[in-house]
Amino acid sequence: MNAQIIKDSLNILETVDTLFVDRDFSNYSLRVFTNYKGRTLKLKDDNSKSRFVPNNRHGIGIGVANSKMVLDIAFNLKTKKKNATKRFDMQGATILGKHNYVNFYLQSYKGFLAKNDFGEPSIFRSDIKSLTAGFNYLYTLSEIEFSYSLLKAGLARKHKNVYITGGLGVFAFFDYFSANGAILPQQYYQYYSEQAQIKRYKGMGVGLLGGLLSVFVLPKNIIASCNLMPGVALINNQVVLNDDDYRPKKPMLYKLDFTLSLGYNFKRFYVNLSYGGATYFTKLGYGNKYQSNISNAKLAVGYKLKKKRVKR
């Protein structure tokens, strides 16, 4: 039995080594980057729309990359304004094997600026807090012929000019927000029904998605990529008002995820620009609609630590 434990331990170490350890030092690079991450709540009906957006959404950071992984550490930039949003925001994506694309996110925010389209002043609400978590899993019908780690690390191997694959999968979504009193400022009440005076909301959904992953090799060492993943789910919504609560009668959730990126490779330097987002939409009844938006953008500049040897 001890021999079996040792064998299993060695198998685990070999798997970790294969997935994450790159022994070619010429594949390593140091990176500096600036990024933007956001989480927006939208509440609207046929006549009015309010948005709740966080402050201090920008950051800077450093990182290291190789052919197997990219590790970036970011620091949130806070201005001298008193109205700072407290936040934790983690988002990531990976390709497992030849057919499995997975991305995930976990976001906790406290403090939102309430905006509107009906002329009322914007108001910062430090009492509004939100928690969002979820993942997407896509099984591609054909093999994924590229690695996002290679693209982000400036190490893309170009065998052809266009890589496109698609597939089907599942996703899960959890969304929560709450406030001391209604999330809408009192000045906004006159523009909505009483059922829009939401004190707390919670939604949990599981559904199906389709996806398209693509990479395009352009002239002048430029590489572009585009991913799209629409989906539909059943969602269990609960809405708590100041003096009542209810569950919407139409438990449907619709979503669209996308990622766009552009990379340029020099001999020792590379530049990557990426932008991604996800929109989740559901109806809350009584003419009210709720939309949750997740967004992130990053501009990274990397320097390869060792020049790649050219085989002769």
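The values are calculated or read from the model by the stated rules, or taken from the named source; none is laboratory data. None of the values given here were measured: they were computed from a predicted structure. Reconstructed Cβ throughout: ideal geometry from the backbone, glycine too, with neighbour counts over all protein chains shown. Surface areas here come from the heavy atoms of the whole protein model, side chains and all, with no ligands, DNA or RNA. Shrake-Rupley method; radii C 1.70, N 1.55, O 1.52, S 1.80 Å.
Miscellaneous remarks
- Projected label points at residue 176 and residue 60, each 7 Å from Cα along the beta carbon direction, are separated by 3.5 nanometres.
- Note on residue 226 and residue 142: the extension gain reaches 28.6 nm, defined as 0.36 nm multiplied by sequence separation minus the Cα-Cα distance.
- Across the stretch 173-312, C-alpha contacts under 8 Å between residues 6 or more apart give a mean separation that, scaled by the residue count, equals a relative contact order of 18 percent.
- Two-decimal Rg to Rh for the stretch 195-279 - Kirkwood Rh, Cα set: 1.26
- Whole-Hz Karplus values for the stretch 96-104 come out as 10, x, 10, 10, 10, 10, 10, 10, 8 Hz, taken residue by residue from phi with 6.51 cos²θ - 1.76 cosθ + 1.60 and θ = phi - 60°; glycine and proline positions read x.
- Among the listed pairs 44/78; 255/283; 115/202; 110/199; 44/298, a Cα-Cα separation exceeding 18 Å is found for 44/78; 115/202; 44/298.
- Against the rule of thumb 2.2 N^0.38 Å, how large the Cα Rg of the stretch 24-304 comes out: 1.10
- Spin-label pair residue 189-residue 275: with each label point 7 Å from Cα along the Cα-Cβ axis, the two points sit 4.0 nm from one another.
- The relative contact order of the stretch 24-304 comes to 18 percent, based on Cα pairs under 8 Å that sit 6 or more residues apart.
- This model, with +1 at the C-beta of Lys and Arg and -1 at the C-beta of Asp and Glu, gives the stretch 24-304 a dipole about its Cα centre of some 880 debye.
- Remark on residue 183: its backbone amide H falls under 5 Å from those of 198, 199, a criterion applied only to residues 5 or more positions apart or on other chains, H modelled at 1.01 Å from N.
- Exposure rank, largest accessible area first [217, 301, 53; 1.4 Å]: 301, 217, 53
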